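Take a look at the structure below.
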Amino acid sequence: MRKNLTGAVLQLALLVVGIPVVYLVAFPFGLTAKSLLPPLGLLAGLVVAGVMVKKTEQPVSGPLTGWLVFGACLALSFAL
């Protein structure tokens, strides 16, 4: 039960933190490849987290993987 709660909180935190970060990072640049990476990363992170939660016995690993995907897309957008 505790792992399920932790996973759900991490998933919610990805949304709560991810949406403002997407607006702050992506939209000042206009519509470019660089600006599309954070929103796509957030969407991919949520999808990956949902898939991982259903496929594994560890509910925390899904949201952590989602955070990793989102962070990688943010890092890539800053690198470009």
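The values are calculated or read from the model by the stated rules, or taken from the named source; none is laboratory data. Because the structure is predicted, anything quoted here is derived from the model rather than measured. Here the Cβ positions follow ideal geometry from the backbone for every residue, glycine too, while neighbour counts run over all protein chains shown. We work out accessible area using only protein heavy atoms, side chains counted, and drop any ligands, DNA or RNA first. Shrake-Rupley method; radii C 1.70, N 1.55, O 1.52, S 1.80 Å.
For the reader, a short list of remarks on this structure follows.
- Solvent-accessible area per residue, Å², over the chain with all protein chains present [probe radius 1.4 Å]: 65 Å²
- With respect to the chain, whose longest principal axis is taken over its alpha-carbon atoms, helix 33-55 is tilted by about 10°.
- Rounded accessible area of Thr6 (nearest 10 Å², 1.4 Å probe): 60 Å²
- Degrees separating the helix 2-26 axis from the principal Cα axis of the chain, which is the longest one: 0 degrees
- Normalised by the number of residues in the stretch 3-79, the mean separation of alpha-carbon contacts (under 8 Å, six or more apart) gives a relative contact order of 37 percent.
- Using equal-weight Cα scatterers in the Debye expression, the normalised intensity of the chain in log10 at q = 0.11, 0.17, 0.21, 0.22 Å⁻¹ is -0.29, -0.61, -0.83, -0.88.
- Helix content alone sets the calculated 222 nm mean residue ellipticity of the chain: runs of n ≥ 4 DSSP H residues at -39500 (n - 2.57) each, divided across all residues, give -29500 deg cm²/dmol.
- Packing around the peptides 26-39, 63-76, taken as the average count of other Cβ atoms within 10 Å per residue, puts them in this order, highest first: 63-76, 26-39.
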